[in-house]
Amino acid sequence: MASITNHLPTAELQALDAAHHMHPFTTGDELAAKGARVITRAKGVFLTDSEGNEILDAMAGLWCVNLGYGRPEMGEVAQRQMSELPYYNTFFQTTHVPGIALAKSLADLAPTHLNHVFFAGSGSEANDTNLRMVRTYWAEKGQPEKSHVISRKNAYHGSSVGSGSLGGMAYMHAQGGMPIPGIHHIGQPDWWAEGGDHTPDAFGLARAQELEAKILELGAENVAAFIGEPVQGAGGVIIPPSTYWPEIQRICTKYDVLLIADEVICGFGRTGNWFGSETMGITPDIMTIAKGLSSGYAPIGGSIVSDDIAAVINACEFNHGYTYSGHPVCAAVAQENLRIMQEEDILTHVREVAAPALKSALDGLADHPLVGTVNISGMMASLPLTPHKESRAKFAGDAGTVGYMCREHCFANNLVMRHVGDRMIISPPLVITPEEIEVFANRAKKALDATYKDLKDKDMLKAAS
Ligand code: PXG
């Protein structure tokens, strides 16, 4: 086996990476020509790369490292669990203590009627579980035709065939035969991009009522569930107008359509509550969880399911599961993550310290000529870039060009801030301090200034007509 360590020169690591490693959501040839940035270690909110740069990670990895990097307790728990019981399955009438303990903790944290957990290895797997579970639920109740699922355009629910079909990313559907039949997508509540002359409240209501129209078109007797992220993450941190979710809830209840809240990003403190459903005031039937469940330290996801659904599913044999459902090491690591979150009262830190500091830092950038507005819910935020704030204009040229330029300037300034189209996305570890938020704001401002200068120099500050 090759001995490949941190001590190899960056160029050598990059060449090996290009030769053998295929990256997700990446044009491999372009990356190979440029060379991937090699991350070698991380502590708190800072990453270190193979060149020794210290990079502030304002994305918490991929929206997941809520506790920050390098917590020794997490490694100690993993090591202990690996020594005691590194693996056993939960398929054939067996169970194990980490799985029991984590399911109980999640039942305690989740809204009162959600008391049952089906584990998966990721958010994608969990949403595949949800698709099969809601269809099985209605079939077991004698309504097998109640099988269609409604989602939103520009939603992200994962990258497997099932979860990618639930998602509403057109560029994903363009590859590999998605969406599978029986899944429908209505408009998203993105007032900034699509609200036109409506007020946000009127637009929120109109977009929610697309659900009612779709249910009536399909026939309520054919619709199993609606799935949505309380706040869309990968779609661009889209915070729905306050009219949106109450109307969705009303419609789901009226037509007996199950409500699945995809909490993969919003869950575990990101919006200032344990779950985004609380922040949005909804009571789902199923919550999808992953990412912040273990702060990304171990791959684990799952579905937290209502008493009603569990009663039906538990009465039949649900022919579904994954080798790593409830993996004991991952479950123990997730349990430790929840323990630290509770003992250190991370939610209070978010509500009283980090989220207000992030909001005031972002408000400080709102005057920047490129920043259209500040969207923020707890510790997830976006800054839509625009050539003209008042009209919320898009840039002339290909969407995403300006966002990409800004992201490159962020990288050059040792800041990870992602772009979705021409929106800059912020989702730092929840433990970030006000001082670190200041570092973030300074680097973000430099990147925005550099982007603005580029656009002026290249005569690209034009609005699309
Ligand atoms: N649901 C939501 C809401 C997500 O954000 C998934 C499900 C799928 O989880 P897994 O663990 O299978 O990846 C996600 C994942 C991005 C990005 O670029 C976002 C995700 C994953 C990868 C990239 O913003 N979200």
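The values are calculated or read from the model by the stated rules, or taken from the named source; none is laboratory data. Because the structure is predicted, anything quoted here is derived from the model rather than measured. Note: ideal-geometry Cβ built from the backbone for every residue, glycine included; neighbour counts use all protein chains shown.
Could you check Ser465 against (1) surrounded by fewer than 20 Cβ atoms within 10 Å (Cβ to Cβ); (2) at pLDDT 95 or above; (3) farther than 23 Å from Ala155 by Cβ and say which number it fails?
Result: Ser465 fails condition (2) only.
Which numbered condition in (1) in a strand (DSSP E or B); (2) touching a residue at least 40 places away in the same chain (Cβ under 8 Å) is the only one that Ser325 fails?
(1)
So, of the residues in segment 243-282 that are of a type in the set (Gly, Ala, Ser) and part of a loop (DSSP other than H, G, I, E, B), which turns out to be surrounded by the fewest Cβ atoms within 10 Å (Cβ to Cβ)?
That would be Gly281.
Restricting to segment 47-101, and then to whatever is surrounded by fewer than 13 Cβ atoms within 10 Å (Cβ to Cβ) and either of a type in the set (A, V, I, L, M, F, W, C) or in contact with a Cys (Cβ under 8 Å, 6 or more places away or on another chain) (or both), can you tell me which residue is nearest to Ile426 (Cα to Cα)?
Restricting to residues being surrounded by fewer than 13 Cβ atoms within 10 Å (Cβ to Cβ) and either of a type in the set (A, V, I, L, M, F, W, C) or in contact with a Cys (Cβ under 8 Å, 6 or more places away or on another chain) (or both), the top hit is Phe91.
May I ask you to verify whether Val333 is crowded, with 21+ Cβ neighbours inside 10 Å, of a type in the set (Val, Ile, Thr), touching a residue at least 12 places away in the same chain (Cβ under 8 Å) and in the same structural domain as Phe92 (by TED's automatic domain parsing)? Don't jump to the end; show me each part of the working.
Numbers: crowded, with 21+ Cβ neighbours inside 10 Å: yes; of a type in the set (Val, Ile, Thr): yes; touching a residue at least 12 places away in the same chain (Cβ under 8 Å): yes; in the same structural domain as Phe92 (by TED's automatic domain parsing): yes.
For Val333, the condition - crowded, with 21+ Cβ neighbours inside 10 Å, of a type in the set (Val, Ile, Thr), touching a residue at least 12 places away in the same chain (Cβ under 8 Å) and in the same structural domain as Phe92 (by TED's automatic domain parsing) - is met.
Does segment 87-95 include one or more residues that are out of contact with any Phe, Trp or Tyr (no Cβ under 8 Å at 6 or more places or on another chain) and either within 16 Å of the ligand (Cβ to nearest atom) or on the phi > 0 side of the Ramachandran plot (or both)?
yes
Which one is farthest from Thr433 (Cα to Cα), of the residues in segment 299-322 that are in contact with an Asp or Glu (Cβ under 9 Å, 6 or more places away or on another chain) and in a helix (DSSP H, G or I)?
The residue in question is Val312.
Could you tell me how many of the residues in segment 422-441 are crowded, with 19+ Cβ neighbours inside 10 Å and in a loop (DSSP other than H, G, I, E, B)?
7
Does Tyr137 qualify as being assigned to a loop (DSSP other than H, G, I, E, B), hydroxyl-bearing (Ser, Thr, Tyr) and touching a residue at least 40 places away in the same chain (Cβ under 8 Å)? Give the steps one after another, and end with the answer.
Values: assigned to a loop (DSSP other than H, G, I, E, B): no; hydroxyl-bearing (Ser, Thr, Tyr): yes; touching a residue at least 40 places away in the same chain (Cβ under 8 Å): yes.
Judged against the criteria, Tyr137 is not a match.
Can you confirm whether Ser277 is within 16 Å of the ligand (Cβ to nearest atom), under 30 Å from Pro241 (Cα atoms) and either within 16 Å of the chain's Cα centre (by Cα) or modelled with pLDDT of 95 or more (or both)? Outline the logic, then answer.
Values: within 16 Å of the ligand (Cβ to nearest atom): yes; under 30 Å from Pro241 (Cα atoms): yes; either within 16 Å of the chain's Cα centre (by Cα) or modelled with pLDDT of 95 or more (or both): yes.
Spelling it out, Ser277 is indeed within 16 Å of the ligand (Cβ to nearest atom), under 30 Å from Pro241 (Cα atoms) and either within 16 Å of the chain's Cα centre (by Cα) or modelled with pLDDT of 95 or more (or both).
I'd like the full set of residues that are hydrophobic (A, V, I, L, M, F, W, C) and closer than 13 Å to Pro384 by Cα, limited to segment 408-424.
So the first thing to find is which residues in segment 408-424 are hydrophobic (A, V, I, L, M, F, W, C), and the list is 410-412, 415-417, 420, 424.
Within segment 408-424, Met417, Val420, Met424 qualify.
Which one of Pro181, Pro240 is assigned to a loop (DSSP other than H, G, I, E, B), under 23 Å from Lys146 (Cα atoms) and out of contact with any strand residue (DSSP E or B) (no Cβ under 7 Å at 6 or more places or on another chain)? Break it down stepwise before answering.
Working: Pro240 fails: under 23 Å from Lys146 (Cα atoms).
Exactly one residue qualifies, and that residue is Pro181.
Take segment 163-177 and flag every residue that is away from the ligand (no atom under 11 Å from the Cβ) and either outside the structural domain of Gly123 (by TED's automatic domain parsing) or surrounded by 19 or more Cβ atoms within 10 Å (Cβ to Cβ) (or both).
Those that are away from the ligand (no atom under 11 Å from the Cβ) and either outside the structural domain of Gly123 (by TED's automatic domain parsing) or surrounded by 19 or more Cβ atoms within 10 Å (Cβ to Cβ) (or both): Ser165, Gly168.
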